[in-house]
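Below you'll find the structure, written out as structure tokens, and then a few comments.
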Amino acid sequence: YNNRGNALKELKRFDEALASYDQAIAIDHNHVGAQSNRGIVLKELKRFDEALASYDQAIMLKPDYVDACINRGNLLKDLNRFDAALASYDQAIAINPNHAGAYSDRGVALKNLNRFDEALASYDQAIVLNPNHAGTFSNRGNVLQELKRLDEALASHVQAIKINPDYAEAYYNHGNVLQELKRL
């Protein structure tokens, strides 16, 4: 049932995926993967409180479940609950200090909390762990722009574009820095 739910989730048939995950959980109340996957589809269905409860249940069942911590953080970030999102990312990093995505997501939460220096450090750590993620470089550039370190911001966006030449947001951010530098 969990695997069936995964297939339905990939097909974007979220209501059916939810039913499959619920069936998996009915059979095995301790099925951590089904709980976490259930949270993903509930988020897609915009049933945020239920999604959060599913992530919490998955983490309660398996406190070292990194993906559930990150998914929980991403949901909280999307709900503009940045302090709570940060706590979820910190929990994920405590479990796996080599998870580049957790550091990158943590940077987003910190930026939204206007904690720019900490966000920059988090992005830098994400880049050490995964130097090929365009989104991290672009987000890093945005923080550098907030810090008025415009030449560094420009270089970060250029690196994002080198990694992924089809990354439209990186071009947009690059243009914003050029505009601020009056390089029209």
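The values are calculated or read from the model by the stated rules, or taken from the named source; none is laboratory data. Note that the structure is predicted; figures quoted are calculated from it, not measured. Cβ: placed from backbone, ideal geometry, glycine included. Neighbour counts: every protein chain shown. All accessible areas refer to the heavy atoms of the entire protein, side chains included, with ligands and DNA or RNA removed. Shrake-Rupley method; radii C 1.70, N 1.55, O 1.52, S 1.80 Å.
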**Request:** Select from the stretch 156-168 the residues that are over 17 Å from residue 126 (Cα atoms) and either modelled with pLDDT under 95 or in contact with a Gly (Cβ under 8 Å, 6 or more places away or on another chain) (or both) and list them in ascending order.
**Result:** 167
**Asked** Any residue in the stretch 84-101 that is closer than 28 Å to residue 180 by Cα and without any contact (Cβ under 8 Å) to a residue 40 or more places away in the chain?
**Response** no
**Request:** Given the conditions (1) open to solvent by less than 70 Å² (accessible area, probe 1.4 Å); (2) over 30 Å from residue 179 (Cβ atoms); (3) out of contact with any His (no Cβ under 8 Å at 6 or more places or on another chain), report the number of the one that residue 125 does not fulfil.
**Result:** (2)
**Request:** Search the stretch 149-173 for residues that are farther than 22 Å from residue 116 by Cα and pair each with any residue that is open to solvent by 80 Å² or more (accessible area, probe 1.4 Å) and assigned to a helix (DSSP H, G or I) when their beta-carbon atoms are under 7 Å apart and the residues are at least 6 apart or on different chains.
**Result:** 161/171
**Request:** Report yes if residue 157 is assigned to a helix (DSSP H, G or I), open to solvent by less than 50 Å² (accessible area, probe 1.4 Å) and over 28 Å from residue 92 (Cβ atoms), otherwise no.
**Result:** no
**Request:** Mind listing whichever residues of the stretch 160-176 are open to solvent by less than 90 Å² (accessible area, probe 1.4 Å) and aromatic (Phe, Trp, Tyr)?
**Result:** 167
**Prompt:** Residue check, residue 92 against (1) under 20 Å from the mean Cα position of the chain (by Cα); (2) assigned to a loop (DSSP other than H, G, I, E, B); (3) of a type outside the set (Lys, Arg), all met but one. Which one?
**Reply:** (2)
**Request:** Just give me the residues in the stretch 63-85 being part of a helix (DSSP H, G or I) and either basic (Lys, Arg) or open to solvent by 60 Å² or more (accessible area, probe 1.4 Å) (or both), in sequence order.
**Result:** 67, 72, 77, 78, 83
**Prompt:** If you take the residues of the stretch 22-52 that are open to solvent by 20 Å² or more (accessible area, probe 1.4 Å), among the aliphatic types (A, V, I, L, M) and assigned to a helix (DSSP H, G or I), which of them is farthest from residue 3 (Cα to Cα)?
**Reply:** 52
**Request:** Would you mind stating whether residue 179 is among the polar types (S, T, N, Q), surrounded by fewer than 15 Cβ atoms within 10 Å (Cβ to Cβ), out of contact with any Phe, Trp or Tyr (no Cβ under 6 Å at 6 or more places or on another chain) and not in a loop (DSSP other than H, G, I, E, B)?
**Result:** yes
**Request:** Considering only the stretch 128-153, state which residues are within 13 Å of the chain's Cα centre (by Cα) and either open to solvent by less than 60 Å² (accessible area, probe 1.4 Å) or under 20 Å from residue 181 (Cα atoms) (or both).
**Result:** 135, 136, 139
**Message:** I'd like the full set of residues that are surrounded by 14 or more Cβ atoms within 10 Å (Cβ to Cβ) and free of Cβ contacts under 8 Å to residues at least 24 places away in the same chain, limited to the stretch 11-21.
**Reply:** 13, 16, 19, 20, 21
